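The values are calculated or read from the model by the stated rules, or taken from the named source; none is laboratory data. In this text the structure is predicted, and so the values were computed from the model without any measurement. We place every Cβ from the backbone using ideal geometry, glycine too, and count neighbours over all the protein chains shown.
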Amino acid sequence: MIGSILWLGIIGLALGWEIICRLSHNRFLSIGRLGSFIAIRIPGRIALFAIWIFIGIHVFSRYTIPTTWP
Amino acid sequence: MIGLISKYRHVWTTVIVSIGVSFYAWISTGLKPFSPASYISVVIPVIILATIFVTSAALSPSQIKARDYYRQQAGDFSTKTVLPWVIIFLCGIGLEAIGLVLGGRSVVVPTLSTMIDYLLITHIGRFILFLIWLEVGWMPVNKFINRNQRDQL
């Protein structure tokens, strides 16, 4: 329960900070700009692509519905 | 009629592609997890995106267009402005590590995957998340391609 609240807090914090960044007209670094910074070099682009693939496979091919847990 | 179709060609293409992608996402998220079909359904968009990514020269080391584009998109920033994201990521990694140490499906501290599993219970939840995942992968590549096309005109 505590962990779930903390996760929601972290997700809320990330979303809130992203909104602040977007409203600040580039004064603060948004997640999109951070991604662009990582993507400047080819290894960075490959790493971002690999993370995207991992999320896709992990979330959509290897998920477990909580009600079917043993 | 033909004039009307060609006038709104871009709109028609977007509508048809959106319907096609939504249909694919709906079918894909209805497949049984851990089945070969579910893996293939995720790999297909990965292959399509990788092909577009490579053919748009974003991975070619000989050109500097992609590097310049992403540098321009990132803009100037100090290391101080990265700090909030570093703190958020570290908090996430820390909580994930605690969740994994507790067995991964702990009720006290679940992992992020376990949290997301609750959003995957319904087909519509999986469908929406799948569309978001596709959009997150497609958006930066699409922006880069659009910029390339505009520069060539």
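A compact table of results
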| item | result |
| --- | --- |
| Test for B:S113: is it within 16 Å of the chain's Cα centre (by Cα), without any contact (Cβ under 8 Å) to a residue 24 or more places away in the chain, part of a helix (DSSP H, G or I) and facing another protein chain (nearest Cβ under 10 Å) | no |
| Subset tally (residues that are among the aliphatic types (A, V, I, L, M) and buried (at least 16 other Cβ atoms within 10 Å of the Cβ)) for region B:116-144 | 6 |
| Count of region B:93-110 residues which are in a loop (DSSP other than H, G, I, E, B) and facing another protein chain (nearest Cβ under 8 Å) | 6 |
| Single unsatisfied condition, A:I40 versus (1) crowded, with 17+ Cβ neighbours inside 10 Å; (2) in a helix (DSSP H, G or I) | (2) |
| Test: residue in region A:57-68 that is part of a helix (DSSP H, G or I), among the polar types (S, T, N, Q) and over 30 Å from B:K80 (Cα atoms) | yes |
| Long-range neighbours under 7 Å by Cβ, at least six apart or interchain, first residue farther than 17 Å from A:F37 by Cα and modelled with pLDDT of 75 or more within region B:137-153, second surrounded by 14 or more Cβ atoms within 10 Å (Cβ to Cβ) and of a type in the set (A, V, I, L, M) | B:W138/B:L49 |
| Residue, nearest to A:I65 (Cα to Cα), within region B:12-44, restricted to residues that are within 14 Å of chain A (Cβ to nearest Cβ), without any contact (Cβ under 8 Å) to a residue 60 or more places away in the chain and of a type in the set (A, V, I, L, M) | B:L31 |
| Hits in region B:68-83 - residues which are of a type in the set (A, V, I, L, M), out of contact with any Lys or Arg (no Cβ under 7 Å at 6 or more places or on another chain) and surrounded by 12 or more Cβ atoms within 10 Å (Cβ to Cβ) | B:V82 |
| Scope region B:68-92; condition more than 7 Å from chain A (Cβ to nearest Cβ) and touching a Phe, Trp or Tyr at 6+ places or on another chain (Cβ under 9 Å); matching residues | B:Y69 |
